[in-house]
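First up is the structure itself, then whatever we jot down about it.
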Amino acid sequence: MLEVSRLNAWYGAAQALFEVSLRVGPGELVVLEGLNGAGKSTLLQSLIGLGPRVQGSVVLQGRSISDWPAHARAQLGLGFVPEDRRLFAELTVLENLLVAARAPTAHGQKTHSTEQQLNQVFALFPALKPMQKRRALEMSGGEQQMLSIARTLMTAPSMLLLDEPCEGIAPLLVESIRDALLQLKSQGMSLLVAEQNTLLAAHADRVITLVAGQTGASPAFLTP
Ligand code: ATP
C-alpha cells in the first residue's frame with residue numbers, strides 16, 4: 001500500500017532524513033519511534049507532500065507519488081493528523097467535520113453520504129456526538145485530538161499518518177484514541193503513527209526507530 005525507498009530530506013543545506021525506507025501494508029499498523037528531533041515529523045510531512053525538499057521514492061497504492069502535490073496525495077487516500085491538530089478553533093465540532101466532508105474523497109467521488117460518514121466517526125468516537133455544537137476551542141486537548149482524527153476520517157482516507165496522537169493527553173482519553181485507532185486497523189485501515197511513548201508500539205505490526213534521520217541504527221551508531 002505505501003512503499004518508501006531511500007528517502008532523503010533537506011531543510012536548506014541541512015539534511016534531516018537519510019536513505020529512509022519503509023513499508024506499510026493494507027491494514028497494518030507501523031509505529032515510528034524516535035527522540036525529539038529524530039525526524040519523525042519530517043518523514044510524515046515528506047510523505048504527504050508538505051515537507052522540506054525531498055529525494056527518493058514514495059509509492060502509494062502502486063502509484064509513484066513522489067512528485068505529486070499534497071492535495072493529489074490526499075485525493076488518492078492519504079490522510080494526515082498533524083501534531084498541532086490544526087482545527088478551526090471558532091467552528092463547532094460538527095462544522096469542523098463538515099468542512100472536511102466537502103473535500104474530494106479517495107477516488108474523486110463519495111462512496112458514503114456525509115450522514116453515513118458522520119455516523120461512522122461518532123461510532124468511533126462516541127464522546128464527540130453530544131458535543132456537536134461545541135466550539136473546538138472549548139474542548140480539552142484529548143477531545144480536540146479525537147476531533148482532529150475524526151475530521152481527517154471525513155476525507156475517506158485508506159491510509160492514516162498520525163503525528164504523536166497521544167502526546168500530552170489525559171490517560172482516559174489516550175485509551176479511547178488508542179482503541180479507536182486499533183478499531184480502524186481491524187477495519188482494514190493502514191496506519192503509520194509517530195510516537196515517543198510506545199502506547200501503540202505493543203500493537204504494531206512493525207516498529208521503526210529513527211535516530212538522527214536514519215532507520216536501522218545499531219547501538220554503535222549512538223556512540224560518539
Ligand atoms: P519532535 O518529536 O520533537 O517533533 P521529530 O522526531 O518529529 O521531533 P523533526 O521535527 O522531524 O523531528 O526534526 C528533525 C530535524 O529537522 C531536527 O534536527 C530539526 O531541528 C530539523 N527541522 C525540523 N523542522 C525544521 C524546519 N522547519 N526548518 C529547519 N529545520 C527543521
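The values are calculated or read from the model by the stated rules, or taken from the named source; none is laboratory data. Predicted, not measured: the structure shown is a model, and the values here were computed from it. Because the Cβ atoms are built from the backbone with ideal geometry, glycine has one as well, and the counts that use them run over all protein chains shown.
Worth a mention:
- Some residue of the stretch 70-81 being part of a loop (DSSP other than H, G, I, E, B) and either among the acidic types (D, E) or farther than 25 Å from R178 by Cα (or both): no
- Options E143, E164: the member that is surrounded by 16 or more Cβ atoms within 10 Å (Cβ to Cβ) and within 22 Å of L2 (Cβ to Cβ): E164
- Residues located in the stretch 34-60, provided they are near the ligand (Cβ under 9 Å from one of its atoms) and either surrounded by fewer than 15 Cβ atoms within 10 Å (Cβ to Cβ) or part of a strand (DSSP E or B) (or both): L35, N36, G37
- Residue list for the stretch 168-206, filter: within 16 Å of the ligand (Cβ to nearest atom) and either closer than 13 Å to L35 by Cα or at pLDDT 95 or above (or both): L192, V193, A194, E195, Q196, N197, T198
- Only a single item in (1) at pLDDT below 95; (2) near the ligand (Cβ under 9 Å from one of its atoms); (3) of a type in the set (A, V, I, L, M) is not met by M1, and it is number (2).
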